[in-house]
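The values are calculated or read from the model by the stated rules, or taken from the named source; none is laboratory data. None of these values were measured; they are calculated from a predicted model. Note that we place each Cβ from the backbone using ideal geometry, even for glycine, and neighbour counts take in every protein chain shown. Remember, those area values only see protein heavy atoms, side chains included, never the ligands or the DNA or RNA. Shrake-Rupley method; radii C 1.70, N 1.55, O 1.52, S 1.80 Å.
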Amino acid sequence: MAEPDADAVIIGAGVIGAAVAFELASRGRTTLSLDALPAAGYGSTSNSCAIVRFTYSTFSGVAMSWEGLHYWTDWPAYLETTDERGLASLVQCGTLLLERPGGHHGKVVTLFDALGIPYDRWDADQLRTRMPALDPRLMGPPKRVDDDAFWAEPSQSLPGAVWTADSGYVSDPQLASHNLQRAAEAKGARFRFSTKVVAIERSGGRVTGVTLDDGSTVSAPVVVNVAGPHSAVVNSLARLEGTMRIGTRALRHEVHHVAAPAALDFEHTGCHVSDGDTGVYFRPEVGNSILVGSGGSRVRHPRLG
Ligand SMILES: Cc1cc2nc3c(=O)[nH]c(=O)nc-3n(C[C@H](O)[C@H](O)[C@H](O)COP(=O)(O)OP(=O)(O)OC[C@H]3O[C@@H](n4cnc5c(N)ncnc54)[C@H](O)[C@@H]3O)c2cc1C
């Protein structure tokens with residue numbers, strides 16, 4: 001039987017796909033990464049707010065995110081290589097998870113305790129004194145702007161917040177993907193861009209390779225689907241619909257880049273705030289601006305003023 005073209009074909013070269021290529025190549029596997037876009041990290045990765053936080057609701061989610069932090073804190077040592085474009089960096093501005101009635105902060109701190117993740121619990125007074133720029137009023141739950149309750153004046157205060165000093169954000173997620181590409185290539189991985197996988201070949205119940213949009217084929221005994229938001233399309237190319245307990249679908253996610261209030265040096269003194277009360281999260285960004293992401297609902301009041 002002919003030798004396959006690679007031990008593994010990897011569909012997608014976003015931050016996840018590039019990391020998969022690096023890890024497999026580090027273990028001595030031959031890999032070929034294929035991406036429909038012209039460079040690593042040009043898919044959803046390039047739109048990411050790149051927040052590195054641990055405030056998840058499952059044991060494995062919190063554990064994995066805490067482990068992930070440690071790759072970012074010593075990124076050059078993890079990559080074992082350089083990149084002609086420079087390396088992405090982690091900005092450890094900290095995360096403030098605002099507590100709210102019905103919020104998941106109780107679950108989060110239980111998991112932090114179980115995993116030994118350092119955090120502080122602030123009461124309402126500490127929240128006011130330590131983050132004076134934050135409006136401490138309870139405004140939620142999030143409502144649509146056409147709901148009269150959207151305009152009601154808040155009468156209560158947030159009960160407190162959970163602070164993790166180690167979290168933050170990665171300066172440039174697209175660059176981080178390029179860093180991973182270069183690190184993978186240093187271990188022998190190959191990447192082909194502007195190349196779309198249009199079919200997945202199978203024989204005898206096993207995958208045998210992929211067909212590309214130029215009609216050529218690549219043979220491999222393993223095909224890794226790291227195709228991002230549209231990974232379900234790749235699963236359907238492999239005729240795997242309905243065979244997995246978890247499905248995926250692409251969702252739109254709203255992010256705004258707004259100027260910080262002039263009197264506030266949010267870029268250098270701000271932190272990542274997870275605000276389930278108003279249904280948003282936000283973090284500092286260069287140029288003293290604020291990157292605001294939607295948790296799925298409209299903002300009741302601007303929290304910073
Ligand atoms: C607005 C926004 C904000 C976010 N904020 C955060 C955050 O703060 N913190 C956080 O941890 N996560 C955040 N995320 C999520 C994070 O960005 C993603 O989980 C991550 O970037 C996904 O990386 P990926 O490599 O899986 O996917 P992608 O970066 O989308 O890469 C998938 C690649 O697969 C390629 N591909 C797909 N189909 C094919 C095919 N048939 N043939 C060839 N190539 C194909 C695509 O071209 C693409 O380049 C955010 C996401 C968005 C959109």
Open item on the list: Every residue in segment 248-258 that is in contact with a Ser or Thr (Cβ under 7 Å, 6 or more places away or on another chain), open to solvent by 70 Å² or more (accessible area, probe 1.4 Å) and outside any loop (DSSP other than H, G, I, E, B), please.
Closed with: H257
Open item on the list: Tell me whether segment 204-220 contains one or more residues that are modelled with pLDDT under 95 and not charged (D, E, K, R).
Closed with: yes
- [ ] Quick one: D277 ticks every box in (1) farther than 30 Å from L32 by Cβ; (2) open to solvent by 90 Å² or more (accessible area, probe 1.4 Å) except a single one, so which number is it?
- [x] (2)
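Suppose the filter is assigned to a loop (DSSP other than H, G, I, E, B), away from the ligand (no atom under 13 Å from the Cβ) and open to solvent by 60 Å² or more (accessible area, probe 1.4 Å); does R245 pass it? Explain how you work it out, then say what you get.
Values: assigned to a loop (DSSP other than H, G, I, E, B): yes; away from the ligand (no atom under 13 Å from the Cβ): yes; open to solvent by 60 Å² or more (accessible area, probe 1.4 Å): yes.
So R245 passes the test.
From the list P284, P261, which one is part of a loop (DSSP other than H, G, I, E, B) and either at pLDDT 95 or above or within 26 Å of G140 (Cα to Cα) (or both)? Show your work before the answer.
Working: P284 fails: part of a loop (DSSP other than H, G, I, E, B).
The conditions single out P261.
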Open item on the list: Against the condition within 14 Å of the ligand (Cβ to nearest atom) and open to solvent by 90 Å² or more (accessible area, probe 1.4 Å), how does R239 come out, does it pass?
Closed with: no
Open item on the list: I need every pair where a residue in segment 31-52 that is within 23 Å of V280 (Cα to Cα) and hydrophobic (A, V, I, L, M, F, W, C) has its Cβ under 8 Å from the Cβ of a residue that is more than 6 Å from the ligand (Cβ to nearest atom) and assigned to a loop (DSSP other than H, G, I, E, B), sequence separation at least 6 or different chains.
Closed with: A50/S171; A50/D172; I51/S167; V52/S167
Open item on the list: Please pick out the residue among R53, R29 that is open to solvent by 50 Å² or more (accessible area, probe 1.4 Å), in contact with a strand residue (DSSP E or B) (Cβ under 7 Å, 6 or more places away or on another chain) and closer than 22 Å to G12 by Cβ.
Closed with: R29
Task: Criterion violated by V224 - all others in (1) modelled with pLDDT of 95 or more; (2) open to solvent by 60 Å² or more (accessible area, probe 1.4 Å) satisfied - done: (2)
Open item on the list: For a quick check of your reading of the model, give me the residue pairs whose first member lies in segment 94-116 and is over 15 Å from S65 (Cα atoms), whose second is part of a loop (DSSP other than H, G, I, E, B) and polar (S, T, N, Q), with beta-carbon atoms closer than 6 Å and at least 6 apart or on different chains.
Closed with: L97/T55; H104/S57; K107/S57
Task: Residue in segment 90-99 that is closer than 20 Å to R53 by Cα, over 23 Å from the mean Cα position of the chain (by Cα) and open to solvent by 20 Å² or more (accessible area, probe 1.4 Å) present - done: no
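Confirm whether S231 is touching a residue at least 24 places away in the same chain (Cβ under 8 Å), surrounded by 13 or more Cβ atoms within 10 Å (Cβ to Cβ) and under 28 Å from the mean Cα position of the chain (by Cα). Talk me through it step by step, then tell me what you get.
On the way: touching a residue at least 24 places away in the same chain (Cβ under 8 Å): yes; surrounded by 13 or more Cβ atoms within 10 Å (Cβ to Cβ): yes; under 28 Å from the mean Cα position of the chain (by Cα): yes.
So S231 fits the description; yes.
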Open item on the list: As an exercise: evaluate E285 against (1) over 21 Å from the mean Cα position of the chain (by Cα); (2) of a type in the set (D, E); (3) surrounded by 12 or more Cβ atoms within 10 Å (Cβ to Cβ) and give the number of the one condition it does not meet.
Closed with: (1)
Task: Total residues in segment 136-165, condition under 17 Å from W122 (Cβ atoms), open to solvent by less than 50 Å² (accessible area, probe 1.4 Å) and in a loop (DSSP other than H, G, I, E, B) - done: 3
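Could you check how many residues of segment 176-215 are aliphatic (A, V, I, L, M), open to solvent by 20 Å² or more (accessible area, probe 1.4 Å) and under 27 Å from S48 (Cα atoms)?
Within segment 176-215, the first condition is being aliphatic (A, V, I, L, M), and the residues that meet it are 176, 180, 183-184, 186, 189, 197-200, 207, 210, 212.
Checking the rest, the ones that are also open to solvent by 20 Å² or more (accessible area, probe 1.4 Å) come to 186, 198-199, 207.
After this cut, where a residue has to be under 27 Å from S48 (Cα atoms) as well, the list is 186, 198.
Going through segment 176-215 one residue at a time, the tally reaches 2.
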